[in-house]
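The block underneath contains the structure these notes are about, expressed in structure tokens.
The values are calculated or read from the model by the stated rules, or taken from the named source; none is laboratory data. Just so we're clear, the structure is a prediction, and the values are computed from it rather than from any experiment. Cβ sites come from the backbone with ideal geometry, for glycine too, and all protein chains shown count toward neighbours.
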Amino acid sequence: MANSAFGIDLGTNNIKIYSRADDSIMIEKNMIAIENKKTLFAYGNSAFEMYEKAPGNIHISYPLCNGVIADIKNMETLVRFFIGGLTKGNIKGGDYYVAVPTDITEVEKRAFYDLIKDANVKAKKIMVVEKAIADGLGMDIDVKNAQGVLLVNVGYDTTEISILSLGGIVLSQLINVGGKKFDEAIRSAVRKEFSLIIGGKTAENVKISLRDLEQEGKGAVVYGRDIVTGLPVEREIPTALVDETLQEHFSTIIDNIKVILERTPPELAADIYRHGLYLTGGASQVSHLGELISKGTGLSVNMAEQPIASVAIGLSRIIKDDNYKSVAYSIEGMGK
Ligand SMILES: Nc1ncnc2c1ncn2[C@@H]1O[C@H](COP(=O)(O)OP(=O)(O)OP(=O)(O)O)[C@@H](O)[C@H]1O
Ligand SMILES: [Mg+2]
């Protein structure tokens, strides 16, 4: 029987793990709930369920911040529990392919390797794959032969903008804009315009339902606390206010794409103009972003079919097909 193998995309919001044994991708919130500073209380989606509702002695947090590991101990715990869940508590040695952002330091990259090594999951082999390469494979791009691919992943804490060519990364930039900033912008606009405090999950729901609401010509009905009276109230937020609020962050993404395009060697630019830009990541689905990027850059935009899972789908292709193994590399012993 083939070795067990896992492909891990540690996102700041969602952790995605491909498992070869059942050929499927698990998607769970990358969150941990700790009780009284020491006991694991909940993890993944169930920790997220409690978020913003839990009492003071239960601390709920994301162990990743801006695409890098901020809380190593809790991240190790999460990886161990998720892998334990996928193997029904019977963790045997396996191969691990972990996706990392490109535009981070070597030390931060190495932390992803050390994480798997130290998570007690009996890793036999740990390979690293640049996220954008996995993303490209996940979107069915022939990354090994294509000469000039512009890929943009809009996630939770981060947006990664990359130029790929012949299986490698030519340029890459990680910026701190994504779904989290979109949610925060919605919260502060509602607070300013309606004197209403809403929770992060409510803001996220407004963002996710924006497209449907616009199509139906309806506003977003939200519940929150009135700043003046302190009482819970219901209000209808016009979608135009939400659109306007998100503009600033959309512009940041578009401006950064343009900067990357300006720095792209002209021979690669030709391919990019021919094929258009590839857009993925959960938050890339927010209403109007794709069309505004297209307008702002003059490029056609190819949207991912499975934007949250595209990196993990790419990792699954690397695990299943030896032709793609060469895009993964080992960083064992590096930087020590
Ligand atoms: N239909 C949707 N419309 C808009 N945003 C969405 C939609 N579905 C999910 N999102 C947003 O996508 C984000 C999560 O996407 P994703 O899983 O790609 O991020 P991540 O990989 O965890 O983050 P990062 O790559 O920054 O580390 C969240 O902000 C979520 O609100
Ligand atoms: Mg991501």
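Key figures for this structure:
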read-out: Test: residue in segment 296-303 that is touching a residue at least 60 places away in the same chain (Cβ under 8 Å), within 16 Å of ligand 1 (Cβ to nearest atom) and in the same structural domain as S165 (by TED's automatic domain parsing); value: no
read-out: Selected residue (criterion: surrounded by the most Cβ atoms within 10 Å (Cβ to Cβ)) from residues of segment 176-205 that are more than 10 Å from ligand 1 (Cβ to nearest atom) and either hydrophobic (A, V, I, L, M, F, W, C) or assigned by TED's automatic domain parsing to the domain that holds A54 (or both); value: I186
read-out: Which listed residue is more than 16 Å from ligand 1 (Cβ to nearest atom) and either modelled with pLDDT of 95 or more or under 30 Å from I208 (Cα atoms) (or both), from D135, D103, D157, D140; value: D140
read-out: Selection within segment 281-304 - within 16 Å of ligand 2 (Cβ to nearest atom), over 16 Å from I254 (Cβ atoms) and not hydrophobic (A, V, I, L, M, F, W, C); value: G282, Q285
read-out: Count - residues of segment 26-66 that are in contact with an Asp or Glu (Cβ under 6 Å, 6 or more places away or on another chain) and within 15 Å of ligand 2 (Cβ to nearest atom); value: 2
read-out: Of all residues in segment 144-154 being modelled with pLDDT of 95 or more and more than 17 Å from D9 (Cα to Cα), the one that is surrounded by the most Cβ atoms within 10 Å (Cβ to Cβ); value: L150
read-out: Subset of segment 277-295 (residues that are of a type in the set (G, A, S) and in contact (Cβ under 8 Å) with a residue 40 or more places away in the chain); value: G281, G282, A283, S284, S287
read-out: Spans of strands (runs of 3 or more DSSP E) in segment 166-262 with at least 2 residues closer than 27 Å to I141 by Cβ and either free of Cβ contacts under 8 Å to residues at least 12 places away in the same chain or among the small types (G, A, S) (or both); value: 168-175
read-out: Selection status of T12, at pLDDT 95 or above, assigned to a loop (DSSP other than H, G, I, E, B), buried (at least 17 other Cβ atoms within 10 Å of the Cβ) and not hydrophobic (A, V, I, L, M, F, W, C); value: yes
read-out: Matching residues, segment 80-100, being modelled with pLDDT under 95 and out of contact with any strand residue (DSSP E or B) (no Cβ under 8 Å at 6 or more places or on another chain); value: K88, G89, N90, I91
read-out: Matching helices (runs of 4 or more DSSP H) fully within segment 30-143 where at least 2 residues are without any contact (Cβ under 8 Å) to a residue 60 or more places away in the chain and not aliphatic (A, V, I, L, M); value: 45-50, 72-86, 106-118
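The rows are residues; the columns are (1) touching a Cys at 6+ places or on another chain (Cβ under 7 Å); (2) over 24 Å from I313 (Cβ atoms); (3) crowded, with 21+ Cβ neighbours inside 10 Å.
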site	(1), (2), (3)
M31	no, no, yes
H59	no, yes, no
P63	no, no, yes
V68	no, no, no
Y96	no, no, yes
